[in-house]
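Structure, as structure tokens:
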Amino acid sequence: MKEKKTDSAMPRKRLFITLMGVTCLILVGVIFLAWWVPNRGLANIHPDLPHIVGVLMAVLSGIAMLGTGLLVLTTALGKDIFLTRFMRLFVIKFLLPLIETVGRIMGVDKERIRQSFIAMNNSLVMSQRKRIAPDRILVLLPHCIQLFDCEIKVTGDINKCLLCGRCDIKGLVEIGRKYGIDISVATGGTLARKVIVEKQPKLVLAVACERDLTSGIKDCYPLPVIGILNDRPFGPCFNTTVDAEKIDEALSRVIDRGKPAH
Ligand code: SF4
């Protein structure tokens, strides 16, 4: 059952991997042109200069191709092969803006690229196979998960929920109690950042839309963030839902059950 869910994330990652391949080819092409165009001019400065610059460009192309290969292998195998933490930095800070540009030129929907990026980021976080004590994991929820008409306000303390079951907060409270982890409901990015600063978690599991998750993952680096997309049956930011099973499954893969909760 678990393997099935891991496989279902693959089509999402595939888009990012495809765009990554295209970006890598473009980069190699640009590197080649950067060497080839001034090649003859360089010979006028020194006869050996075209070869030296050529070797340098070949090394840069090799690094680009090796990095892409390593990234694909890490996410495909779900294993920390080599420098996964550095690769997260590379993907978040460098590759994502580049891939968004390439995707825009190719006419790929921005939301799909973000979904793919989130799946790729989750893969890299999971591939590190770290087990973290429950009291160092923070689950962050957007306030729109709570039923709009609910008379209780769970922002600040999710345990105020009366567990009536009219929205997904009930299931999430139960998950929090099952694992003994902190769950915070944030009304926006500023509050989410404040909660992270206060609680100092080692890992964040965040539920949000594509845009908020992408910016959250970027803002939080180097803190690892697992992103779970919410569903928006009534449109954005209103009575949204989340598959509690996805959260349970992700938590079961990162929680160190040997360490005491709180
Ligand atoms: S489960 Fe019920 S009490 Fe809890 S937040 Fe949702 S609507 Fe309110």
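Taking T214 as the residue in question, decide whether it is surrounded by fewer than 18 Cβ atoms within 10 Å (Cβ to Cβ), of a type outside the set (A, V, I, L, M), more than 10 Å from the ligand (Cβ to nearest atom) and more than 17 Å from D243 (Cβ to Cβ).
Answer is no for this residue.
Report whether or not V125 is within 11 Å of the ligand (Cβ to nearest atom), surrounded by 13 or more Cβ atoms within 10 Å (Cβ to Cβ) and under 25 Å from I196 (Cα atoms).
Criteria not met by V125.
Out of V173, V185, V197, I need the residue that is of a type in the set (A, V, I, L, M), within 16 Å of the ligand (Cβ to nearest atom), without any contact (Cβ under 8 Å) to a residue 40 or more places away in the chain and not assigned by TED's automatic domain parsing to the domain that holds L71. Which one?
None of the others qualify; the one that does is V173.
Exactly one condition in (1) buried (at least 17 other Cβ atoms within 10 Å of the Cβ); (2) of a type outside the set (S, T, Y); (3) at pLDDT below 95 is false for A133; which is it?
Failed condition: (3).
Which ones in the range 37-50 are under 42 Å from the mean Cα position of the chain (by Cα) and surrounded by fewer than 13 Cβ atoms within 10 Å (Cβ to Cβ)?
V37
From the list C167, C150, pick out the single residue that is part of a loop (DSSP other than H, G, I, E, B), near the ligand (Cβ under 9 Å from one of its atoms) and touching a residue at least 60 places away in the same chain (Cβ under 8 Å). Before you say what the answer is, go through the steps one by one.
Details: C150 fails: touching a residue at least 60 places away in the same chain (Cβ under 8 Å).
The unique qualifying residue is C167.
Tally the residues that are under 23 Å from S184 (Cβ atoms) and in a helix (DSSP H, G or I), restricting the search to the range 115-147.
Residues that pass the stated criteria total 11.
Which one of these is of a type in the set (S, T, N, Q) and in contact with a strand residue (DSSP E or B) (Cβ under 8 Å, 6 or more places away or on another chain): T155, T190?
T155
Out of (1) away from the ligand (no atom under 16 Å from the Cβ); (2) more than 16 Å from G216 (Cα to Cα), what's the single condition that is false for I92?
Looking at each condition in turn, I92 falls short on (2).
One line per residue, one yes/no per condition, for (1) modelled with pLDDT of 85 or more; (2) touching a Cys at 6+ places or on another chain (Cβ under 8 Å); (3) not assigned by TED's automatic domain parsing to the domain that holds I26:
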{"residue": "I63", "(1), (2), (3)": "no, no, no"}
{"residue": "L71", "(1), (2), (3)": "no, no, no"}
{"residue": "T75", "(1), (2), (3)": "no, no, no"}
{"residue": "R85", "(1), (2), (3)": "no, no, no"}
{"residue": "F94", "(1), (2), (3)": "no, no, no"}
{"residue": "L98", "(1), (2), (3)": "yes, no, no"}
{"residue": "D109", "(1), (2), (3)": "yes, no, no"}
{"residue": "R112", "(1), (2), (3)": "yes, no, no"}
{"residue": "L138", "(1), (2), (3)": "yes, no, yes"}
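Which of the residues that make up the range 184-208 are surrounded by fewer than 19 Cβ atoms within 10 Å (Cβ to Cβ) and part of a loop (DSSP other than H, G, I, E, B)?
T187, G188, Q200, K202
Six or more apart or on different chains, Cβ under 8 Å: which pairs go from a residue in the range 153-164 that's closer than 11 Å to T187 by Cα and free of Cβ contacts under 8 Å to residues at least 60 places away in the same chain to one that's near the ligand (Cβ under 8 Å from one of its atoms) and aliphatic (A, V, I, L, M)? Could you list them?
Note: pairs meeting the criteria are V154/I169.
Could you list all residues from the range 60-90 that are in contact with an Asp or Glu (Cβ under 8 Å, 6 or more places away or on another chain) and surrounded by fewer than 16 Cβ atoms within 10 Å (Cβ to Cβ)?
Within the range 60-90, none qualify.
The values are calculated or read from the model by the stated rules, or taken from the named source; none is laboratory data. Only a predicted model underlies this, so the values are computations on that prediction, with no experimental measurement involved. All Cβ positions, even for glycine, are placed from backbone atoms using ideal geometry, and neighbour counts span all protein chains on display.
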